[in-house]
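One structure is given here, and the rest of the page talks about it.
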Amino acid sequence: MATELEPPGTSVPPDDLIKAVPLRRPGRIVVAVVLVVLLALFIYGAATNSAYEWSTFGSYLFDQRISQAALITLELTVISMVIAVILGVFLAVMRMSDNPVLKSVAWLYLWIFRGTPIYVQLVFWGLITTIYKHIDLGVPFMVQFVHLDTGSWLTPFVMAFLGLGLNEAAYMAEIVRAGIGSVDEGQHEAAVALAMTWGQTMRRVVLPQAMRVIIPPTGNEVISMLKTTSLVIGVPYTADLYSVSRQIGGVLYRPIPLLLVASAWYLAITSVLMVGQYFLEKRYSRGASRVLTTKQLQALATAQSAGPADGGKA
Amino acid sequence: MTQSVPSVSVAPDGQPGNLMVDARSVQKHFGALQVLKGITLQVKPREVMCLVGPSGSGKSTFLRCINHLEKVTAGRLYVDGELVGYEERGHKLHELHPKRAAAQRRDIGMVFQRFNLFPHMNALDNVIEAPMMVKGEKKSAAIERGRALLDQVGLASKEKAYPAQLSGGQQQRVAIARALAMQPKLMLFDEPTSALDPELVGEVLDVMRNLASEGMTMIVVTHEMGFAREVGDHLVFMDAGVVVEAGPPREVLANPQHERTKAFLSKVL
Ligand SMILES: Nc1ncnc2c1ncn2[C@@H]1O[C@H](COP(=O)(O)OP(=O)(O)OP(=O)(O)O)[C@@H](O)[C@H]1O
Ligand SMILES: [Mg+2]
């Protein structure tokens, strides 16, 4: 980096690629060292602190009751998210429709389900069989087609995923609405001008673009739902990961290592979900950016060196 | 999608087939705001009509009425002899079912100022999307024709590129190919070069010029007076929702009759 003081513009810069000396940032190094030391101290403390009872942790980590409960937690998460996404799309479309009745119904739904705590809602679901003993479908006061005793099919598991799913639908509705709203109006117009129907326009043009905005927060919602399932004790439903860990820990009089077991499982599942989210986001960001992948750039460079250049030197 | 007995509402006193576009006192209101105040004009097949006028004069609105992106609120508008957006039964107009309205749009291509390509599809997929979805064309056939169209607009090498990786001029040429893929009998252009850098305008106009010479019927909203003079069969000057002046482009440009036309032309020429 021999910079002689020359008037600008007189010297021709060398043709080779710039190899600059990277900027040093001493502050960063100090902060990093402090953090690493603190982390090491914490790990050392945790490993040697007998309260954690790592041997118990080890022997129960792969206990069959625990893995069974983790599976149920996963089921609760998946089922309630499926309900939430489907219902959420409907609510979002209702909120964006011109029909004032549909709009108000959707608004009321969101107001109630987002305005009350999920735990309270779950407790309510648990009481629903005493509030509504049976459900009748038919013309009010006249004919009755269907008569269902709520107690017979509203098991605690069903109430748990209904409670979680219906609550989450309110949040998903807002996420979907934001996603659809983020798509340029010209997209809708171009599709309609090509004689595509409303359904085709939504499915092929609007929703794929909305996905880019919908998926990241939905991924967060899935991860958050995984942990919210620990509240189904409010129903009460007690076969999920958290409840089972508490039960085993209670019987053994060793709650701490069992809480660690549960945490390890939650963390593991969350990590898997995060990987899935990464790939989904990548898939739906196609065409979103001018930035090309290394592979695409390589292909362009090859094409350029092979054929005549398109517009002078690149 | 085959239509069951399309009861075509034929222009009463005109002979269908003689005119591609037949606008008779077309009005458009947005609530209390009247944007089109009775537009009457006609375009024959294979003709190119250029539409000019100051901002807000209703040029885009008129184009959007032609393919029923907007509902005409008074007057009658016929495309290829068929009433746009409505069906005349007795003395009453009935709104068309969205499917019928879509069927009318199939034969009308539209090109927008801001391209409006589908950003999540590459150039070729943009072009083959509507033929496959709307007309139910086979993918292989659609691809073959899509490639030919991209070649026609000079972008054969860009079929895999996404819109964000193309220049404005290239994007607009893909958009033209996309509209042509539906094999329209009428093409509408709404200021197709206004969003482009000056050096990219020419490549888009070249494509449009070729299209005109192949006999495509076109209505072009534009500020490119050179293009209008050279390619247009008619020049229509609109202001505040009315047609102020219309005629052969050379005459209107060289010898405008109306004060408002003179004032406008002195600004854009
Ligand atoms: N959806 C709408 N609702 C209300 N008013 C509208 C709507 N669309 C257009 N207008 C109004 O109609 C008038 C004509 O608009 P239009 O877009 O047709 O003008 P234009 O001639 O295309 O202008 P420009 O050259 O700026 O594109 C404007 O005053 C505009 O504000
Ligand atoms: Mg306009």
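The values are calculated or read from the model by the stated rules, or taken from the named source; none is laboratory data. Please read all numbers here as calculations on a predicted model, not as lab measurements. All Cβ positions, glycine included, derive from the backbone under ideal geometry; neighbour counts span all protein chains shown. Side chains included, ligands, DNA and RNA excluded: accessible areas come from the protein's heavy atoms. Shrake-Rupley method; radii C 1.70, N 1.55, O 1.52, S 1.80 Å.
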Residue within region A:42-53 that is closer than 17 Å to A:Tyr242 by Cβ and surrounded by 13 or more Cβ atoms within 10 Å (Cβ to Cβ) present: no
Residues within region B:36-60 that are away from every other protein chain (no Cβ under 14 Å) and within 16 Å of ligand 2 (Cβ to nearest atom), tallied: 13
Neighbours by Cβ (under 6 Å, 6+ apart or cross-chain): first from region B:31-57, within 19 Å of B:Pro192 (Cα to Cα) and in a loop (DSSP other than H, G, I, E, B); second open to solvent by 60 Å² or more (accessible area, probe 1.4 Å) and away from ligand 1 (no atom under 15 Å from the Cβ): B:Glu47/B:Asp233
Residue that is nearest to ligand 2 (Cβ to nearest atom) [pool: residues in region B:204-224 that are crowded, with 16+ Cβ neighbours inside 10 Å and over 21 Å from B:Gly168 (Cβ atoms)]: B:Ile219
Region B:48-78, residues that are of a type in the set (Phe, Trp, Tyr) and away from ligand 1 (no atom under 13 Å from the Cβ): B:Tyr78
Residues being within 9 Å of chain A (Cβ to nearest Cβ) and open to solvent by 20 Å² or more (accessible area, probe 1.4 Å) - total across region B:123-135: 2
Strands (runs of 3 or more DSSP E) (entirely within region B:74-190) containing at least 1 residues that are closer than 23 Å to A:Gln187 by Cβ: B:108-111, B:186-190
Residue ID - surrounded by the fewest Cβ atoms within 10 Å (Cβ to Cβ), chosen from residues in region B:91-116 that are more than 9 Å from chain A (Cβ to nearest Cβ) and more than 20 Å from the chain's Cα centre (by Cα): B:His91
The one condition in (1) assigned to a helix (DSSP H, G or I); (2) within 30 Å of B:Ile176 (Cα to Cα); (3) among the small types (Gly, Ala, Ser) that A:Ala195 fails to fulfil: (1)
All positions within region A:244-261 that are free of Cβ contacts under 8 Å to residues at least 60 places away in the same chain and surrounded by 13 or more Cβ atoms within 10 Å (Cβ to Cβ): A:Arg246, A:Gln247, A:Gly249, A:Pro255, A:Leu259
Filter result for the condition that a residue is within 9 Å of chain A (Cβ to nearest Cβ), open to solvent by less than 50 Å² (accessible area, probe 1.4 Å) and hydrophobic (A, V, I, L, M, F, W, C), over B:Leu63, B:Leu83, B:Leu69: B:Leu69
Some residue of region A:83-106 being out of contact with any helix residue (DSSP H, G or I) (no Cβ under 6 Å at 6 or more places or on another chain), outside any helix (DSSP H, G or I), exposed (fewer than 11 other Cβ atoms within 10 Å of the Cβ) and modelled with pLDDT under 85: yes
Residue in region A:194-201 that is at negative phi, more than 9 Å from chain B (Cβ to nearest Cβ), more than 17 Å from the chain's Cα centre (by Cα) and open to solvent by 30 Å² or more (accessible area, probe 1.4 Å) present: yes
Residue match in region A:150-158 (condition: in a helix (DSSP H, G or I) and within 23 Å of the chain's Cα centre (by Cα)): yes
Residue match in region A:163-174 (condition: within 12 Å of another protein chain (Cβ to nearest Cβ), open to solvent by 20 Å² or more (accessible area, probe 1.4 Å), in contact with a helix residue (DSSP H, G or I) (Cβ under 7 Å, 6 or more places away or on another chain) and assigned to a helix (DSSP H, G or I)): no
